Each structure stands twice: as structure tokens, then as C-alpha cells.
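Inspection log for the structure reproduced underneath, given as C-alpha cells.
The values are calculated or read from the model by the stated rules, or taken from the named source; none is laboratory data. The structure presented is a predicted model; accordingly, all values stated were derived computationally and were not measured. All Cβ positions, glycine included, derive from the backbone under ideal geometry; neighbour counts span all protein chains shown. Side chains included, ligands, DNA and RNA excluded: accessible areas come from the protein's heavy atoms. Shrake-Rupley method; radii C 1.70, N 1.55, O 1.52, S 1.80 Å.
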Amino acid sequence: MATYEEISNRLLKNPDLKEILELRTDLSDEEQYNFIHRMVALITSYKKNPRQIYFKKDLPTEYMVIDLETTGFSNNDEIIQLSAIHVKNESEIDSFNQFVKPLTVKFAPNIFFLWFFYHVDLHNAPTIDQVLPEFQNFIEEFPIVGHNISFDARFLFNSGCNINPKITVDTVNLAQFKNLDTPNNKLETLKDYYGISERSHNSHSDCRTTAIIFENLRNNRLEKHINNEEIPQIFSGLKFCVTGQFSQLSRQQIKKDIISRGGKIMSSVGKSTNYLVEGVQIANNLTDGVHSRKELDYIALKSAGYDIQRLDEQNFINLLSSYREKEHQNAK
């Protein structure tokens, strides 16, 4: 399938359309492209869901943001957290957040790692049949905002809740319609673009993230958030390698924390590496079935006498905290 960019470039070469655009002598080539790009995104979005709306005058100022977490991504998987927040005029009015006990304990490997810390929450939680009536009463008939809303709609429909007749806005499509300067429109990417600090892998936090993204897009606040705070370069000259899956921070966030503080991310562990930040290995293609290539290189170099420190996720967080404390004391 052609991308929006490819379709836009093809349309710009269409003789009939080119003739029409040439009548707008006030538009630069870039403005013409942006106009076509937005129309392509708009038409594509309407085709996917005719009830989606993308012009500011029509976008809701009072709505429900919904999000959920699941045991995996197939139709056989189950909802394990269901959340919604009620927003009016950019303010959160009320919220709904409920863990859901799955009927089975089968998790996709990457999902299991993220969620096994909450096993007690899930074990003691009500089932989806018990949760849905309260959820449906909470969202009422308000418009729905979500990030990749079709994913949430599919799982809700499979569980007995049909939100398809409602007016919905998908922030994935809305971001593409606005033509942001981002490599993609994933939630983590937009979260970083707007400098949002909400936690990941939690549907309640993701609702708040989505609401902030939606309000920025709705109000045409399209500039990237620039953090003017001076970040101490505590990792200046240090080289890091990151491997595995993490529960509190995403790999992207860990790398961002390192780079923003002057550290360098290495693609492999070498003699000059200072730290290996190590998560849990869940990949199916591990070198020896247990360790990643980076871990095996670390073990070999450590045995050879090289001073490389290994940090799990909590130790990395503690390292950040200890450096921050030193900076705070030095500033006194």
C-alpha cells in the first residue's frame, strides 16, 4: 500500500490537479504539498471510519479518552486494564480505571513481562463482564478519543461493548492529518515530541497522554516541545549498551535519559563500554537461548578483566538518582 507521502507526490504530478493548484499563486511548492498531504490523510481517515472528524470547528471540546491493555494482540487475547477519562475544555473532569482479571493466564511474552508485577492486581480484579456495565455508564454518549482507536474498539466489541456507532477521533490519523515532523505517529513518538512525562504501559496514564496530544493537535499547537531546562551532563564521556525488556521505563526512555545527559549509546558491548543496562530477555532468537549477544560479549570481556559495570533497571534508576543528588548538593 502506498504511503500518504507517495500518494501526495503522485497527485501533485496529476495534470488536472496541477492546473488547479497553479491558480493559487500565493502557495509555495511546500504549501501545495502540505495541502494535498492533508487532503489525502483526511479522505483516507473518512474511508476508514466515516464518523471521524478532523476540522477544529468540529472536533469535540468535551469527550472521553479511552485506552486498554491486553494479554496480547490476537482476537483470542483479553483485556487486563480498562481506562477512560472525561475531558471538558482541556480539563480532566473524572476518570475510570479498572484492572480486569483474564479468564486465562496466557500472556504474550513481552506483555507478560510488563504485567507480571501486577499479578496480584489482576488476580483480585473483577472479570470483564463485571467491569463493562460500569465502563459503559461512565463513557455515556460522549465522543470518543483514542490512539489507534480501532484496536480498542475491536477488543471492546469482542467483550460485548460496541463503540463503533459513536463519533470517534483517532489521534494517529489526526497527527498524520496535521503532518507533524515525526518519523511515525506512535504514542511513544508523539509523547516524546510534546515532552509528555506520563508513564508508559498503563492504560490510565496513556489516556492522559492521548488527551494532551489531542488538545495540542486540536488547537494546532504543532511545534515540537523544546525543554529549555539545562540538563547536567552527568554521563559525559561514558558509553552505554542497552539490552532486554524493561518494566518501569521503555528502552527508548532509557536511551533518551542517557543521551540527554551526555552519554553515548553503543550498538554492541566493547572494550570501551562503561555500562551494560540489562533488562529481562524475552526474544525468541537469543544467541544461546538465554543471553543476548550483548550479554555474552559482556561476560567474555568481564572475564578478561575489563571494567564494565552491569546495571538492571532499578540500578540504572538509582544511578540516575545518585547523580542528581550529587548535582543538587554541588549546587548548594
_Suppose we keep only residues that are open to solvent by 30 Å² or more (accessible area, probe 1.4 Å) and not in a loop (DSSP other than H, G, I, E, B) within segment 132-151. Which one would you say is nearest to Glu69 (Cα to Cα)?_
Phe151
*Look through Thr189, Thr210 and report the one residue that is at pLDDT 95 or above, among the hydroxyl-bearing types (Ser, Thr, Tyr) and either farther than 20 Å from His86 by Cα or part of a helix (DSSP H, G or I) (or both).*
Thr210
*Report, by residue number, each residue of segment 210-226 that is surrounded by 14 or more Cβ atoms within 10 Å (Cβ to Cβ) and either touching a His at 6+ places or on another chain (Cβ under 8 Å) or free of Cβ contacts under 8 Å to residues at least 12 places away in the same chain (or both).*
Thr210, Ile213
*asked:* Take the residues in segment 271-310 that are outside any loop (DSSP other than H, G, I, E, B) and free of Cβ contacts under 8 Å to residues at least 24 places away in the same chain; name whichever of them is farthest from Phe240 (Cα to Cα).
replied: Ser303
*May I ask you to list pairs of residues, at least six apart or on different chains, whose Cβ atoms are under 9 Å apart, with the first in segment 235-253 being on the phi > 0 side of the Ramachandran plot and the second being open to solvent by less than 20 Å² (accessible area, probe 1.4 Å) and in a loop (DSSP other than H, G, I, E, B)?*
Gly237/Gly263; Gly244/Gly279; Gly244/Ser292
*asked:* Return the residues of segment 289-313 that are surrounded by 11 or more Cβ atoms within 10 Å (Cβ to Cβ), farther than 21 Å from Ser236 by Cβ and among the polar types (S, T, N, Q); say none if nothing qualifies.
replied: Ser292
*Evaluate segment 232-251: report whether one residue or more is surrounded by 13 or more Cβ atoms within 10 Å (Cβ to Cβ), among the small types (Gly, Ala, Ser), at pLDDT below 95 and farther than 24 Å from His201 by Cα.*
no
*May I ask you to list the residues in segment 194-205 that are open to solvent by 20 Å² or more (accessible area, probe 1.4 Å) and not in a loop (DSSP other than H, G, I, E, B)?*
His204
*Is it fair to say Phe155 is open to solvent by 10 Å² or more (accessible area, probe 1.4 Å), among the aromatic types (Phe, Trp, Tyr), out of contact with any helix residue (DSSP H, G or I) (no Cβ under 8 Å at 6 or more places or on another chain) and in a helix (DSSP H, G or I)?*
no
*Considering only segment 271-281, state which residues are among the aliphatic types (A, V, I, L, M) and either in contact with a Pro (Cβ under 9 Å, 6 or more places away or on another chain) or modelled with pLDDT of 95 or more (or both).*
Leu276, Val277
*asked:* Which of the numbered conditions does Ser268 fail, given that it passes all the others? Conditions: (1) modelled with pLDDT of 90 or more; (2) surrounded by 12 or more Cβ atoms within 10 Å (Cβ to Cβ); (3) among the polar types (S, T, N, Q); (4) under 28 Å from Tyr306 (Cβ atoms).
replied: (2)
*Enumeration of residues in segment 271-288 that are within 25 Å of Ser303 (Cβ to Cβ) and open to solvent by 70 Å² or more (accessible area, probe 1.4 Å)*: Lys271, Asn285, Thr287, Asp288
_Return the pair list, or none, for Cβ contacts closer than 9 Å from residues in segment 126-143 that are more than 13 Å from Gln81 (Cβ to Cβ) and free of Cβ contacts under 8 Å to residues at least 24 places away in the same chain to residues that are among the hydrophobic types (A, V, I, L, M, F, W, C) and assigned to a loop (DSSP other than H, G, I, E, B), at least 6 apart or on different chains._
Gln130/Val100
*Would you pick out the residues in segment 158-184 that are assigned to a helix (DSSP H, G or I) and farther than 19 Å from Ile43 by Cβ?*
Asn158, Ser159
*When both residues are 6+ apart or on different chains and their Cβ atoms are under 8 Å apart, which pairs have a first residue that lies in segment 24-40 and is within 16 Å of Gln176 (Cα to Cα), and a second that is not in a helix (DSSP H, G or I)?*
Asn34/Asn179; Phe35/Leu27; His37/Asn179; Arg38/Asn179
